[in-house]
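Right, one structure below, let's go through it.
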Amino acid sequence: MNKKAEEQGSGEQKVALVTGGTKGIGLAIVHELMSANYIVYATWSHSEESAKQAEHELGLSFANREFHLLRCDVSQKEENVSLIEKIYAEHNRLNVLVNNAGVLKQQDIFQLSEEDWDTTFGVNLKGPFFLLQLVMPRMKKQGGGTVVNIVSIGGQTGGSKAPDYAASKAALICLTQSMARHGAKMNIRVNAVSPGWIDTGIFSPEQAKKIKEEAKVQVPLGRMGTPREVAHAVGFLISPKASYITGHILNVNGGLHMG
């Protein structure tokens, strides 16, 4: 058995990177991975307060377990390069990449500025592209890995309130499938999870109440989803149970979009 194969079979602790991993769906994914005994690196960009809260929460839930919360603007290639170099310097492997970081700002398309458009695409599409470009050749050398991109129902159906966001997620769906074709030759599976209406706690009490009432009517399962339910889908896709699945978009939307 060669050295690479020995390392893959040695039972060493796996390493994961989750971008935008300090709140909402991202934090739920970090919990999912740490519960599965991963060493997790999670990034944040703007909210230091959220990062501190996440650090406290993870410390309580996973005492004496290794995790790292790092500031990184994924739209900047040099920051991604530094991030990946740090991970490989410390552990010499990355088994799982979850591209979750995203920007969503609802506004009238006719008032959308070029700067807003570029910011959305920089984080939602260019960031995942940079990381896929940086990570996949390294994963190939180490024997393989898995990637999950967090997309959105808006990327499948369009979004009148955030057309830039919907367009960026549609492009990320296509990028997922394109990279799955490349990854198949590298023993790397690339999939996506597409959430629908998820109760991430970002809404005011009044907004949350209104959306939950609308969900009872519009969502076939009659409710909003939870970040944990999205995280469970990610956990499945990175597991051996999904070993014959690549290029797939897994809907977690209560039946709101079936396709």
Completion exercise
By the Cα gyration tensor axes a ≥ b ≥ c (a/c under 1.5 gives rounded; else a/b larger than b/c gives prolate, otherwise oblate), the shape of region 13-98 is oblate
Practice task
Could you look at region 23-138 and say what percent of its accessible area is carbon and sulfur, using a 1.4 Å probe and all protein chains?
Solution key: 48
Handout entry: Between region 146-173 and region 86-127, the Cα center-to-center distance that results, in Å
Key = 12
Handout entry: Dimensionless Rg over Rh [the chain; C-alpha; Kirkwood]
Key = 0.96
Practice task
Compute the separation of the alpha-carbon centres of region 183-259 and region 50-75 and state it in Å as a whole number.
Solution key: 23
Completion exercise
Once all protein chains are kept in place, R223 shows an accessible area at probe 1.4 Å, nearest 10 Å², of 110
Problem - Projected label distance in nm at M258 and R228, using a 7 Å step from Cα toward the beta-carbon - result: 2.7
Fill in the blank from the handout: So the FRET efficiency between E213 and T119, C-beta based with R0 = 51 Å and rounded to 0.05, is 0.95
Problem - Longest segment of the chain lacking GluC sites (Glu not before Pro) that sit in a DSSP loop with at most 15 other Cβ atoms within 10 Å - result: 67-259
Handout entry: Low-density loop cleavage sites - chymotrypsin sites (Phe, Trp or Tyr not before Pro) in region 34-127, where at most 16 other Cβ are within 10 Å (DSSP)
Key = F62
Problem - Stretch gain in nm, segment H91-Q106, where the contour uses 0.36 nm per residue and the Cα spacing is subtracted - result: 1.5 nm
Handout entry: Residues whose placed amide H lies under 5 Å from that of W197, excluding near-sequence neighbours
Key = G225
Completion exercise
Once amide hydrogens are built 1.01 Å from N within the peptide plane, the residues lying 5 or more places from T22 or on another chain with amide H under 5 Å from its amide H are L27
Completion exercise
the chain accessible area per residue, 1.4 Å probe, protein heavy atoms, integer Å², reads 52
Fill in the blank from the handout: For the E48, I245 Cβ pair and Förster radius 25 Å, calculated FRET efficiency rounded to 0.05 is 0.10
Exercise for the section: Calculate one ³J(HN,Hα) per residue across region 107-115 by plugging θ = phi - 60° into the Karplus curve 6.51 cos²θ - 1.76 cosθ + 1.60, and present them in order as whole Hz with x for glycine and proline. Expected result: 6, 5, 4, 7, 10, 6, 8, 4, 5
Exercise for the section: Using θ = phi - 60° and the Karplus relation 6.51 cos²θ - 1.76 cosθ + 1.60, list the HN-Hα couplings for region 122-129 in order, rounded to whole Hz, with x at every Gly or Pro. Expected result: x, 7, 6, 10, 5, x, x, 4
Problem - Farthest toward positive dipole pole in region 54-122 [+1 Lys/Arg, -1 Asp/Glu at C-beta], among G122, Q111, L58 - result: L58
Exercise for the section: Could you run the Karplus curve 6.51 cos²θ - 1.76 cosθ + 1.60 with θ = phi - 60° over region 137-144 and give me ³J(HN,Hα) per residue in whole Hz, x for Gly and Pro? Expected result: x, 5, 4, 4, 5, 8, x, x
Fill in the blank from the handout: The set of residues whose placed amide H lies less than 5 Å from the amide H of A42, leaving out same-chain residues fewer than 5 positions away, is V18, H68, L69, L70
Practice task
Mind giving me the FRET efficiency for C174 and E206? R0 is 35 Å, r the Cβ-Cβ distance, nearest 0.05 is fine.
Solution key: 0.45
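The values are calculated or read from the model by the stated rules, or taken from the named source; none is laboratory data. Small disclaimer: the values here were computed from a predicted structure and weren't measured. Here the Cβ is made from the backbone with ideal geometry for all residues, glycine too, and neighbour counts use every protein chain on show. Heads up: the accessible areas ignore ligands, DNA and RNA and are worked out on the full protein's heavy atoms, side chains in. Shrake-Rupley method; radii C 1.70, N 1.55, O 1.52, S 1.80 Å.
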